[in-house]
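Have a look at the structure below, then the notes.
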Amino acid sequence: MKKIYIFIVASLLMMASACTDDLDQQPHVGASSGTVYSSIEGYQAVLAKIYGSYSLVGQGRAGDLDISGNKDYDLMRKLFNLQEAGTEETAMTWLSGSNMYGIVYITFDATDPWVSDTYYRLYYSVALCNEFLRYCDEGTIGGFPQDQQAEIRSYAAEARFIRALDYFYVLDLFGQGPFVDENTPTSGVIPEAYTNKQLFAFINSEIAAISELLPETNSYARACKAAAWALGARLNLNGEVYTGESHATECIDYCKKIISSGRYSLEPEYAKLFNADNHLRTNEIIFAFACDADKATTWGSGTYFVAGECGSDSSQNPADYGLEAGWGNFRVRGELPALFENGDSRYMFWSDGQTQYFTNAIDTHTEGYYSEKWSNLTDDGVAASKSAAYGCNTDVPMFRLADVYLMAAEAVLRGGNGYSRADALGFVNLVRERAYGSTAGDISDAQLTLNFMLDERGREMYLEWCRRSDLVRFDCFTTDKRLWQWKGGVLDGTAVNSRYNVYPIPATELSANPNLKNANY
């Protein structure tokens, strides 16, 4: 059975960023800080809570909320929707009940509930990290034995990694945001608004610092040096979007650290990266968010991916995916399966009874294929959990080697130094040889173009909550350079205003923090 952390109410927390009454952003209060931070076990429990901020909504079981919002779901489910729902990779079925019209049709505004809830969940995670780091200073830990002091310093680096990840999503999704750290007073302060360049610089500086502090290896689902390097690669690959200047070479520098470490290799079977035994794939998965239905129920995270892609009224058999019932709340738009060629094992779609393209509304259940990428089955083909009662047992990879290969290759095509074009071609073909089981899918140098890289990322990384970022980087999310059905709320797709390349800061936050503004909304 996979290891997962014990989640408990662990600290007195105050949201350092401006909060609003209607979203009730105050975390629950449990044991006092003096009690929690009096033992190494207390530090471990709070660190577990920090990691759990992405996959859980509360203290281990669904329904026990840390913060309440318009949609009381975990951060990972919200990030998935904001990164996937407006792209060609999903066709959302639950439109009216989930109030997803704005993000599906790329017509959202500053009052969109999914946008608001994602924003506040990110800053809740930042607040958890900041509170933890306040108790990691040398004065506080000086009374612990030397070996435990060293442990706590390492835990602090992990908390800084999660906070850097939080701020990465603030930057990527919102392009700006209030800045708070462990030195920010917990009350009586209206946080300073950081621009995209300021957030980019902060995240880069944090990655550089914690790369020296994190361990070479760590327990599963905890950050190590390579996790920080992978975040650095993703941040810098998108650097031109955030700063107006290319950071392709910096992306390559981080990719090279991972590749040259020799610690990682491609998992031979692509599908095994997304089943309930994917915690065994540490050869490829660099960092993942753990899910364990025995310890912590969630209706987001891996459960959302597995159950959401299985049709509730299609001819799919939920048991074939380790489910007791499918939800069917998203399918894929026809442009995604169109990216694949015969022989590509990554083509994992259910088409029986489904049309590939739409002739009717996007929530028409029989139009658009269902994905079969995610599964709650073990390697032995056994359901890993009772999904209807406890959710799924499938972890969610955040960074993996195939992504690093593709990032390195793209950065070369964007003018980065450190790898050659021949290296880039080799990385891409390694990924494709896994997909085809041979060299049959290898491409030539002439085929290695940026447009090809966007397609290849679609084939390799679909439904891994990064497609919107990719499309923005290629200037395709809002423009007519790429159209997909129902983009912009039109059947055949249409370009939309470029302001939608970033989400707006929620209107409630603008009212609370006059330092923030949405220039284009």
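The values are calculated or read from the model by the stated rules, or taken from the named source; none is laboratory data. Because the structure is predicted, anything quoted here is derived from the model rather than measured. Here the Cβ positions follow ideal geometry from the backbone for every residue, glycine too, while neighbour counts run over all protein chains shown. Accessible surface areas use protein heavy atoms only, side chains included; no ligands, DNA or RNA. Shrake-Rupley method; radii C 1.70, N 1.55, O 1.52, S 1.80 Å.
Observations on the structure shown:
- Residues (of a type outside the set (D, E, K, R), free of Cβ contacts under 8 Å to residues at least 24 places away in the same chain and either touching a Ser or Thr at 6+ places or on another chain (Cβ under 8 Å) or within 29 Å of Y120 (Cα to Cα) (or both)) located in region 474-517: C476, T479, L483, A495, N497, S498
- I152 vs. criteria in contact (Cβ under 8 Å) with a residue 40 or more places away in the chain, in contact with a Cys (Cβ under 7 Å, 6 or more places away or on another chain), farther than 30 Å from C476 by Cα and not hydroxyl-bearing (S, T, Y): yes
- Within region 443-521, helices (runs of 4 or more DSSP H) holding 2 or more residues that are in contact with a Phe, Trp or Tyr (Cβ under 8 Å, 6 or more places away or on another chain): 450-461, 467-473
- Of the residues making up region 324-336, those that are within 23 Å of the chain's Cα centre (by Cα) and open to solvent by 10 Å² or more (accessible area, probe 1.4 Å) number 3.
- Listed conditions (1) assigned to a helix (DSSP H, G or I); (2) in contact (Cβ under 8 Å) with a residue 24 or more places away in the chain are all met by K373, apart from (1).
- Of the residues examined, R281 is not one that is out of contact with any strand residue (DSSP E or B) (no Cβ under 7 Å at 6 or more places or on another chain), of a type in the set (K, R) and open to solvent by 30 Å² or more (accessible area, probe 1.4 Å).
- Residue within region 476-497 that is open to solvent by 40 Å² or more (accessible area, probe 1.4 Å) and acidic (D, E) present: yes
- Here Y101 fulfils each of the conditions (1) closer than 26 Å to A519 by Cβ; (2) open to solvent by less than 50 Å² (accessible area, probe 1.4 Å) apart from (2).
- Qualifying position, being modelled with pLDDT of 70 or more, out of contact with any Pro (no Cβ under 9 Å at 6 or more places or on another chain) and either acidic (D, E) or surrounded by fewer than 23 Cβ atoms within 10 Å (Cβ to Cβ) (or both), among D21, D64, D74: D74
- Inter-residue pairs, beta-carbon under 6 Å, first touching a residue at least 60 places away in the same chain (Cβ under 8 Å) and assigned to a loop (DSSP other than H, G, I, E, B) and in region 85-101, second of a type outside the set (S, T, Y) and open to solvent by 10 Å² or more (accessible area, probe 1.4 Å), 6+ apart: E88/E335; T93/D363; L95/D363
- Condition met for T359 (in a loop (DSSP other than H, G, I, E, B), open to solvent by less than 30 Å² (accessible area, probe 1.4 Å) and at pLDDT 95 or above): no
- Pick from region 28-57, criterion surrounded by fewer than 22 Cβ atoms within 10 Å (Cβ to Cβ) and in contact with a Leu (Cβ under 6 Å, 6 or more places away or on another chain), ranking: modelled with the highest pLDDT: S33
- Within region 165-186, considering residues that are out of contact with any Leu (no Cβ under 6 Å at 6 or more places or on another chain) and more than 26 Å from A110 (Cβ to Cβ), the one modelled with the lowest pLDDT: T186
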